[in-house]
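Reviewing the structure listed below.
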Amino acid sequence: MADNERNLSITLKNEPVDQDDVIISIGTIFKKLKKYLLLWIVSAVVIFVLSFGYATITTHITKAKLTALVSFSYDGIEKGLDPKGRDFDVNTIKNPDVIKNAIEELDLDMEQLEYIRQGISIDGLIPKDAIDRITTYRSILDNSATPSLSAAQAMLDVTYYPTQYKVYFDYNNTTLTSGEALAVFNRILELYENYFYEQYGYNESLGASITAIEYKDYDYSQAVDVFASNIKTLKKYVRKLSNEDSSRFRSAKTGYTFDDLYEVVNTIDTIDLEKISSIITINNVTKDKDESLAYYDYRIKSLTRQKAQYEEQINNINDSIAKYQKDEIFVFTGDTGESNMHSTVASDQYDKMLQQKIDLTAQLAETKQNINYYTERQTALKEKKSSSETDVQKVESLLDSVYKKINDAVALISETSDDYYKNVTFKDAYSILVPATDTTIDRVSRIVNNAKMPFVILEALGVAVYFAVAFIEALKADSKKRKPVPAVPAEKDETENKDEKEKK
């Protein structure tokens, strides 16, 4: 029985662990994340409070810019031109006169004017599709080894001039409160509309120059000439407005059309001034006979030189017209290619020369009439005696009446044209799309915007630290579990020990 028994000996051997291997359990990481979760939440709340506290303080110390959106809409703005065809300068929005008027209306310190002007900045808004087109053509032109004229022209064709502008007001360098800054900024944008109409609407300088005349400083005949010159200017201006007006505009304020106003001015010219001129000529009404004779002589000589100049210009234009080759048009028909039809057409240059001839001819005729008029005055003054006191008083009274009529006509023209420009020509030429605001919601929005960046940065840093700590702690824990156990010598089997003892 004993011989048949077999003894089993088992030896446990620990495999050596490579000390350079790093083994980490995902489960351990999650345990550590859970362990430090509360700490991370507390730190996130602290970061939130600190970020918004910082943003609130900085927003209060550094005042945010006020922002408004304005728009221009008239013929030419899409080409970067003003209503008179010149380069448009949007910086006229911060014209010192406009700012001054706003400051005066709000009873603010006038010393703030320059600080306000420097604080206003303007950016044009260009649509994305326009930017894409410009960028594409420019890229093609820059990358081409041999840039073509067509490519350059294509890029010029997509050049975009903004019609909408963002207007900013940074009032940190002023002593204005947020409420005062908001009020003066919006008022500047509103008053700019009046400035725009004054610049491109009714010609204020024209009216001012006419009404500022001191006609009593002149001799009677000279005063008539001054009035006649001013009336001529008024007639041209009103006729120009009448030609521009295709709607036959009638002002709701004055009840006049531009054709009506032309007749008002023309009546003063053809009736009132003619009457005064005839009295002066027939009765030799003058303050100084010798001075009047010298004036007539000067006017006759000056007009004679002008007459010769017009005649020379007309002759030159006639020669140019006679030598000008009109554009020819040939129409070819049939298989032979022969011309069956032929005609000539006038070009734009030819039409311009014809118009110049017409204008010069009219000016020449007017000059000849004036020469005859002054010659008759001069002759009558030489041959006849001086006028009586009654004639002098009558002429002075009539001149006063004409002066008043001219001023009334200027006022009517000004009011009617202002009404026309504001309600027809420039009805939507300038508009404030979005006025500046500074409400509680705006202030909170600025605080949120200012807090975003530091909050995101600090929160990202906190998350990184949170995961790093959890990872390191998990690594340490798993490393302890996997340390090598020292090998224990296997105990001999009890039976083997007994046999050895028996042998001994």
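Residues that are in the same structural domain as ILE276 (by TED's automatic domain parsing) and at pLDDT below 80, at least 3 per element: which helices (runs of 4 or more DSSP H) completely within region 145-252 meet that? Counting at least 3 such residues, we get 204-211.
For the condition among the acidic types (Asp, Glu) and closer than 26 Å to GLN355 by Cβ, what is the one hit in GLU291, GLU263? Talk me through it step by step, then tell me what you get.
Numbers: GLU291 fails: closer than 26 Å to GLN355 by Cβ.
Only one candidate qualifies: GLU263.
Evaluate region 271-285: report whether one residue or more is in contact (Cβ under 8 Å) with a residue 60 or more places away in the chain and part of a loop (DSSP other than H, G, I, E, B). Yes, region 271-285 contains a residue that is in contact (Cβ under 8 Å) with a residue 60 or more places away in the chain and part of a loop (DSSP other than H, G, I, E, B).
Among the residues of region 81-109, the ones that are within 15 Å of the chain's Cα centre (by Cα), assigned to a helix (DSSP H, G or I) and not hydrophobic (A, V, I, L, M, F, W, C) come to 3 in all. Let me confirm something: among ASP260, ASP290, which residue is over 21 Å from LEU360 (Cβ atoms), free of Cβ contacts under 8 Å to residues at least 40 places away in the same chain and under 47 Å from the mean Cα position of the chain (by Cα)? Matching residue, one of ASP260, ASP290: ASP260.
The lone criterion from (1) over 43 Å from the mean Cα position of the chain (by Cα); (2) modelled with pLDDT of 85 or more; (3) over 16 Å from ALA228 (Cβ atoms); (4) surrounded by fewer than 15 Cβ atoms within 10 Å (Cβ to Cβ) left unmet by LYS307 is number (4).
Within region 313-371, restricting attention to residues that are basic (Lys, Arg) and part of a helix (DSSP H, G or I), the residue that is modelled with the lowest pLDDT is LYS323.
Can you tell me how many residues in region 226-244 are free of Cβ contacts under 8 Å to residues at least 40 places away in the same chain and within 19 Å of ASN407 (Cβ to Cβ)? Outline the logic, then answer.
Kept after step one, since they are free of Cβ contacts under 8 Å to residues at least 40 places away in the same chain, are these residues of region 226-244: 226, 229, 232-233, 235-236, 239-240, 242-243.
Of the ones still in play, those that are also within 19 Å of ASN407 (Cβ to Cβ) are 226, 229, 232-233, 235-236.
Within region 226-244, residues that are free of Cβ contacts under 8 Å to residues at least 40 places away in the same chain and within 19 Å of ASN407 (Cβ to Cβ) number 6.
No other residue among THR361, THR390, THR375, THR367 is surrounded by 17 or more Cβ atoms within 10 Å (Cβ to Cβ) and either more than 53 Å from the chain's Cα centre (by Cα) or in contact (Cβ under 8 Å) with a residue 12 or more places away in the chain (or both) apart from THR367.
Name the single residue that is nearest to ILE26 (Cα to Cα) among those in region 456-490 being at pLDDT below 60 and surrounded by 11 or more Cβ atoms within 10 Å (Cβ to Cβ). It would help to see each step written out before you state the result.
Step one: filter region 456-490 for residues at pLDDT below 60, giving 483-490.
If we keep only those that are surrounded by 11 or more Cβ atoms within 10 Å (Cβ to Cβ) as well, we get 484, 487, 490.
On the way: PRO484: 22, ALA487: 30, ALA490: 36 Å.
Among residues in region 456-490 that are at pLDDT below 60 and surrounded by 11 or more Cβ atoms within 10 Å (Cβ to Cβ), the one nearest to ILE26 (Cα to Cα) is PRO484.
The values are calculated or read from the model by the stated rules, or taken from the named source; none is laboratory data. This is a predicted model, so every value here is computed, not measured. We place every Cβ from the backbone using ideal geometry, glycine too, and count neighbours over all the protein chains shown.
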